[in-house]
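One structure is given below, encoded as structure tokens.
The values are calculated or read from the model by the stated rules, or taken from the named source; none is laboratory data. Predicted, not measured: the structure shown is a model, and the values here were computed from it. No Cβ is skipped: glycine too gets one built from the backbone with ideal geometry, and neighbour counts run over all protein chains shown. What goes into the accessible areas is simple: the full protein's heavy atoms, side chains included, and nothing from ligands, DNA or RNA. Shrake-Rupley method; radii C 1.70, N 1.55, O 1.52, S 1.80 Å.
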Amino acid sequence: MGLVEERSQTADKSFAGTLMSTLTTMKFNGSRTMHEHVIEMKNITAKLKTLGMAVNENFHVQVYFKLIIV
């Protein structure tokens, strides 16, 4: 059982890294509404939370400002 748990944790860490990378590199390209884009970002944040990674609200503010400026 230990090996299965270890691989599961490794997969979770890898998935969390992928989600963080996606969250921090997302760009608004106008192919959908800003609302849909922000909802997708919040959904990624919710997935991170289920993996035990809480995303600070200040981080969200920084990412949203980056969206507006770009």
Revision key, fill the gap. Given the conditions (1) under 13 Å from Val63 (Cα atoms); (2) at pLDDT 90 or above, every one holds for Glu36 apart from (1)
Revision key, fill the gap. Here the qualifying pairs (Cβ atoms under 6 Å; residues six or more apart or on different chains; first in region 7-35 and over 14 Å from Ile68 (Cα atoms); second charged (D, E, K, R)) come out as Leu19/Lys47
Review point. List, please: which pairs have Cβ atoms under 6 Å, are six or more places apart or on different chains, and start with a residue in region 50-70 that is part of a loop (DSSP other than H, G, I, E, B) and end with one that is hydrophobic (A, V, I, L, M, F, W, C) and open to solvent by less than 70 Å² (accessible area, probe 1.4 Å)?
Key: Leu51/Ala16; Met53/Ala16; Val55/Leu48
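Table: residues versus (1) part of a helix (DSSP H, G or I); (2) within 8 Å of the chain's Cα centre (by Cα).
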position: Thr10; (1), (2): yes, no
position: Lys13; (1), (2): yes, no
position: Gly17; (1), (2): yes, no
position: Thr22; (1), (2): yes, yes
position: Gly30; (1), (2): no, no
position: Glu36; (1), (2): yes, no
position: Glu40; (1), (2): yes, no
position: Thr45; (1), (2): yes, yes
Revision key, fill the gap. Looking across region 44-67 at residues that are at pLDDT 80 or above and of a type in the set (A, V, I, L, M), the single one that is most open to solvent (accessible area, probe 1.4 Å) is Ala54
